[in-house]
């Protein structure tokens, strides 16, 4: 049994080393199939630790390399996300202090794969293994605030992060404002910008750049709606276009739209929309619960 375990461990190490040193080896393993389906199932981390011959960190690195391979796919399926979670979770069983892969894996799962619950689960595990690392409660709080709309949990985890060493100067301020300004999309922009500045993965940054453009549109829509209401109070009707608000002096300029769309006012209802956003984010309105929009 001991000999069999040694051979299995050596096989895993050798297989991973070949992958690391040769892109052609990776392509050969894929057999033309993309995503996690092209990769073998990864054994439980506790089992791997028993057969690793003390090479826990090496095995964790090799599993992480395979996870990066799946994360680099153009399209990520639900099964891919589940495989990524299992891979990174297993790697952290082998090397609990390798916090970078847990952090990036958690951000990827929520920002790119759209699986917020798995992201939180992985980030919580990272926090348990690294209780002095402020990034984990910060990213957990971001998930609760931005995607799950659970402001109480968001404030709780932001508060934890604000008390940890090496935290950035802005974190205590963000944490203290969460309850008071959870209804303001500008706060969502602050959070997203903070996430953007603290991750180096370009695919995640691309997803966050798009989200910030959507947030800016939401901020503009909120501002335009207020002026539409002021216009109706003055003239007894809704304006037919943004240009009427401009001509009437209610706005100084037409807001810039990073998505490349146009702002439209419904003259019957006063509702303001954007041609590039099929649905409003509408996750920030105080006292109102809106249905969650389709995943972008």
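FYI, it's all coordinate maths here, none of it is from the lab. Treat the numbers as computed from the prediction; the structure is a model and nothing was measured. Ideal geometry is used to build each Cβ from the backbone, glycine not excepted, and the neighbour counts take in all protein chains shown.
Computed values, structure above
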quantity	calculated
Radius of gyration and maximum dimension Dmax of the stretch 44-137, Cα, Å	12.6, 37
Binned Cα-Cα distance frequencies in the stretch 92-224 - 10 Å width, integer %	13, 45, 35, 6, 1, 0
Label-point separation, residue 150 to residue 205 (7 Å along Cα→Cβ), nm	3.1
For 275, 253, 269, 192, order by how many other beta-carbon atoms lie within 10 Å, fewest first	253, 269, 275, 192
Packing-based exposure ordering (other Cβ within 10 Å, fewest first) of 244, 271	271, 244
Spin-label pair residue 223/residue 77, simplified geometry with 7 Å Cα→Cβ offset, distance in nm	4.4
Protection-proxy order for peptides 120-132, 155-167, each taking the mean of Cβ atoms within 10 Å per residue, highest first	120-132, 155-167
The stretch 152-260 - Rg and Dmax from Cα coordinates, angstrom	18.1, 56
